[in-house]
Amino acid sequence: MPPLMLIGIDSASLDLILKWKDKLRFFRRLIEEGFYGYLRSTTPPLSPAAWTSIYTGKKPCKTKFYDWLKYIRCPCRRNHIRLRSSFDLREPTIWDIATAHRLKSAIINAPMTYPPTYINGVMVSGIPAHLYSGYPITYPVRLKEELDLLVDGYEVMPRLDIFRFFEYDLIKRLKNVVEKRGKVIEYLYEKGEWDFFMPVFFTLDTVQHYFWNYFDENHPLHKRDSLSDIIFYFYKKIDSILDKFFRKIGEANILVISDHGAGPLHGYFLINRFLASTGFLKTKKTSILKVLSTLIFTIVEMEEISFIYDIARRTRIPLVDKLIDKPLIKQIIERFSFFPLMELMSGDFLEDVEWSKTLAYALGAVGGIFLTRNIPDGRKEKIKELVKKALKNLKLPSGKKADVKFFDGYESDEAPDLYYSIEDFKYLPIVHLAGWNSRIWEKPMFFTGWHRPLGVFFAHGPLFKKLKNDKIPVFDIYDIAPTVLYTLGLPILSDMDGKPIFEIFSEEAKRKLKTRVANSAKYRIARRIYLSKTRMFLKSYMRRVS
Ligand SMILES: [Zn+2]
């Protein structure tokens with residue numbers, strides 16, 4: 001049987017693919033000959049949560065990946081928060097189950113797989129591996145040298161916190177990353193006899209975050225510019241790489257998925273300031289130093305930073321480019337930057353919270369709301385309802401009543417109790433509290449696009465049927481792992497939250513394939529063994545380099 005290919009394209013939107021299908025050869029083939037639909041993401045629709053659910057077939061309350069960072073309730077300090085690594089994922093993944101059954105997998109740049117873990121096959125870590133140095137990013141470790149040689153320095157992702165200031169430079173770097181990935185995918189494919197082959201492209205997510213306003217004529221910050229086509233350019237780029245690759249390798253069973261979709265971002269909602277203004281959150285008395293810094297930040301308003309950024313972007317002077325590499329300048333940028341990954345979700349603000357008087361606060365990349373430990377269990381629902389009521393009365397900057405929808409959080413000390421969307425995710429809640437001013441709305445800046453809960457799903461190849469319906473179906477993200485396992489003839493674990501998507505398979509395939517279900521205990525032990533093997537090879541690597 002040809003190998004099963006699971007192609008991940010972070011943030012790919014089915015609506016955009018359908019809109020551009022006549023210009024996308026690979027996707028047009030998938031649409032015309034295969035089965036496709038939307039793929040409903042996790043709550044929250046955020047890469048770390050969604051991808052780990054794809055790998056395991058389990059909800060975030062089982063994977064414990066709700067966000068990029070690991071939180072605890074009422075953390076008090078930002079150093080109580082840390083970035084999640086592959087060691088945090090204790091649930092068996094598709095490739096752990098494949099490894100336990102001696103099937104060979106290649107996992108290439110899948111998010112949240114840093115450091116790379118022991119596998120029967122190869123693994124190249126995905127984001128946020130680019131934020132680290134130290135551990136190797138490949139298993140086997142020496143594979144990195146091969147890839148470096150092949151593409152003249154392999155990159156997981158560029159460091160966005162620095163380069164986002166220079167759009168053309170950012171585009172050049174992203175283009176480089178995609179092209180190198182294409183070569184690496186071909187190289188690794190040739191290198192082994194794979195049962196399961198899973199490359200992930202992350203670039204579209206970044207491009208849509210930064211450049212949505214250029215292509216979307218209804219965006220409040222729409223600009224006609226040479227960048228208007230840049231989102232299409234990257235869809236086309238990935239399409240060409242995949243088209244070339246699949247024409248070369250011939251017959252294959254292909255699944256293409258994204259972890260969530262994409263749409264416009266019209267502004268930021270400062271949720272912790274809102275909770276402070278409605279009395280759910282209390283801040284400490286401000287010190288002189290804080291007053292001073294608040295004053296400075298009030299003088300340098302968001303708009304001014306945006307203005308400076310705009311000028312920097314327009315000048316494109318090489319000198320400015322060089323300047324930005326100086327450590328002091330970097331520090332200043334990082335201090336002022338509104339949106340770097342870490343600052344966005346951690347909490348400078350945590351030290352300003354008067355915890356004993358606070359009932360609710362928000363933390364994380366989507367501003368999920370936590371109730372504090374001050375609230376007795378019996379009162380929790382009541383307080384949650386009061387927070388909801390306050391949010392339901394929220395007014396947009398235009399004065400119009402905001403359309404706020406609520407999503408259940410999780411019963412866990414590590415997860416928010418409540419998630420919500422404002423105007424169908426057009427406004428992104430962020431957790432900044434003090435320091436700037438007391439406004440609860442800010443214009444979109446740096447990011448002009450954000451996620452949507454519906455991603456893509458395509459199935460194409462000898463095993464799969466063609467979609468006959470006019471109505472596009474919506475599939476569930478938890479069904480991906482069971483579907484892959486079913487296709488590979490591997491057992492589906494009884495505690496997975498999804499099931500194989502039987503309707504995509506041809507009658508002949510269904511006659512051949514068998515549904516096997518197994519208890520997860522054995523595979524959880526297997527994952528633990530692979531993680532301890534990982535610790536061993538990391539240790540010997542660290543000894544060698546030090
Ligand atoms: Zn994503």
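Which ³J(HN,Hα) values in Hz, rounded to whole numbers, follow from the phi angles of the range 468-481 under the Karplus curve 6.51 cos²θ - 1.76 cosθ + 1.60, where θ = phi - 60° and Gly and Pro get x?
9, 5, 7, 7, 7, x, 10, 9, 9, 4, 6, 7, 5, 4
Between the range 447-513 and the range 172-186, how many Å separate their Cα centres?
Cα centroid of the range 447-513 versus Cα centroid of the range 172-186: 27 Å apart.
Taking the mean number of other Cβ atoms within 10 Å as a proxy for protection, how do you rank 358-366, 423-431 from highest to lowest? Walk me through the numbers on the way to the answer.
Working: 358-366: 25.1, 423-431: 21.3.
Result, highest mean first: 358-366, 423-431.
Pairs of alpha-carbon atoms within less than 8 angstrom and 6+ residues apart define the contacts here; what relative contact order does the range 92-134 have, in percent? Write out the running numbers ahead of the final one.
On the way: 62 pairs, mean separation 14.7, N = 43.
Worked out over the range 92-134, it gives 34 percent.
Mean projection of the alpha-carbon convex hull of the range 119-226 over all orientations, in nm²?
8.4 nm²
If you restrict to DSSP beta bridges whose two residues both lie in the chain, what percentage is antiparallel, to the nearest 5?
Numbers: 34 of 61 bridges.
In the chain, DSSP labels about 55 percent of beta bridges as antiparallel.
For a quick check: with amide H placed at 1.01 Å from N, whose amide H comes under 5 Å from residue 452's, ignoring anything fewer than 5 positions away on the same chain?
261, 262, 263
Taking every pair of alpha-carbon atoms in the range 6-151, give the share separated by more than 20 Å as a whole percent. Spell out each step's value before the answer.
Values: 6079 of 10585 pairs.
Tail of the P(r) past 20 Å holds 57 percent of the pairs.
Along the range 5-17, what does the Karplus equation 6.51 cos²θ - 1.76 cosθ + 1.60 (θ = phi - 60°) give for ³J(HN,Hα), rounded to whole Hz, x for Gly and Pro?
9, 10, 9, x, 10, 4, 6, 5, 10, 5, 4, 5, 5
Please report Rg over Rh for the range 452-493, where both radii come from the alpha carbon positions and Rh follows the Kirkwood definition.
Details: Rg = 12.1 Å, Rh = 12.2 Å.
That ratio is 0.99, to two decimals.
Using amide H atoms built in the peptide plane, which far-off residues or other-chain residues are under 5 Å from residue 464 H to H?
Those qualifying (amide H under 5 Å, at least 5 residues apart or on another chain) are 506.
Tell me, what are the semi-axes, in whole angstrom and largest first, of the equivalent ellipsoid of the range 394-546 as set by the roots of 5 times the Cα gyration tensor eigenvalues? Show your work: numbers first, answer last.
Working: eigenvalues 309, 172, 51 Å².
The equivalent ellipsoid of the range 394-546 has semi-axes of 39, 29, 16 Å.
Let me check the size of the range 402-475 from its C-alpha atoms; what are the radius of gyration and Dmax in Å?
18.8, 59
Given a Förster radius of 56 Å and the C-beta distance between residue 380 and residue 469 as r, what FRET efficiency does 1/(1 + (r/R0)^6) yield to the nearest 0.05? It would help to have the intermediate numbers written out before the result.
On the way: r = 43 Å, r/R0 = 0.77.
Computed FRET efficiency for residue 380 and residue 469: 0.85.
Go ahead and run the numbers for FRET between residue 277 and residue 544, Cβ-Cβ distance against an R0 of 60 Å, rounding to 0.05. Walk me through the numbers on the way to the answer.
Values: r = 55 Å, r/R0 = 0.92.
About 0.65, to the nearest 0.05.
Limiting things to C-alpha atoms, what are the Rg and the maximum Cα-Cα separation (Dmax) for the range 353-428, in angstroms?
That works out to 12.9, 38 Å for Rg and Dmax.
Calculate one ³J(HN,Hα) per residue across the range 355-361 by plugging θ = phi - 60° into the Karplus curve 6.51 cos²θ - 1.76 cosθ + 1.60, and present them in order as whole Hz with x for glycine and proline.
Running phi through 6.51 cos²θ - 1.76 cosθ + 1.60 with θ = phi - 60° gives 4, 5, 10, 9, 9, 8, 8 Hz.
When only C-alpha pairs under 8 Å and at least 6 residues apart count, what is the relative contact order of the chain, in percent?
Details: 1057 pairs, mean separation 147.7, N = 546.
It comes to 27 percent, rounded to a whole number.
So how strong a dipole does the chain carry about its Cα centre when Lys and Arg Cβ are +1 and Asp and Glu Cβ are -1, to the nearest 20 debye? Walk me through the numbers before you get to the answer.
On the way: 86 positive and 63 negative charges, 205 e Å.
Rounded to the nearest 20 debye, it is 980 debye.
Test of understanding: ordering 80, 266, 260, 130 by Cβ neighbours within 10 Å, fewest first, what list do you get?
Working: 80 14, 266 23, 260 30, 130 18.
Neighbour counts put them in this order, fewest first: 80, 130, 266, 260.
What per residue convex hull volume, in Å³, do the alpha-carbon atoms of the chain yield? Numbers along the way, then the final one.
Numbers: hull volume 89.5 nm³, N = 546.
Given the Cα convex hull of the chain, per-residue volume reads 164 Å³.
Ranking 10, 403 by Cβ neighbours within 10 Å, fewest first, what do you get? Mind showing how you got there, number by number?
Details: 10 27, 403 14.
Taking fewest neighbouring Cβ atoms as first place, the list is 403, 10.
How compact and how long is the range 458-544, expressed as Rg and Dmax of its alpha-carbon atoms in Å?
Over the range 458-544's Cα set, Rg and Dmax evaluate to 17.8, 59 Å.
Can you sort 520, 85, 412, 47 by how many other beta carbons sit within 10 Å, fewest first? All intermediate terms of the calculation are to be shown ahead of the outcome.
Values: 520 22, 85 18, 412 14, 47 28.
Taking fewest neighbouring Cβ atoms as first place, the list is 412, 85, 520, 47.
No value in this document is a laboratory result; all are computed from the given coordinates. All of these numbers come straight from a predicted model, not from anything done at the bench. Every residue, glycine among them, receives a Cβ derived from its backbone with ideal geometry; neighbour counts consider all protein chains shown.
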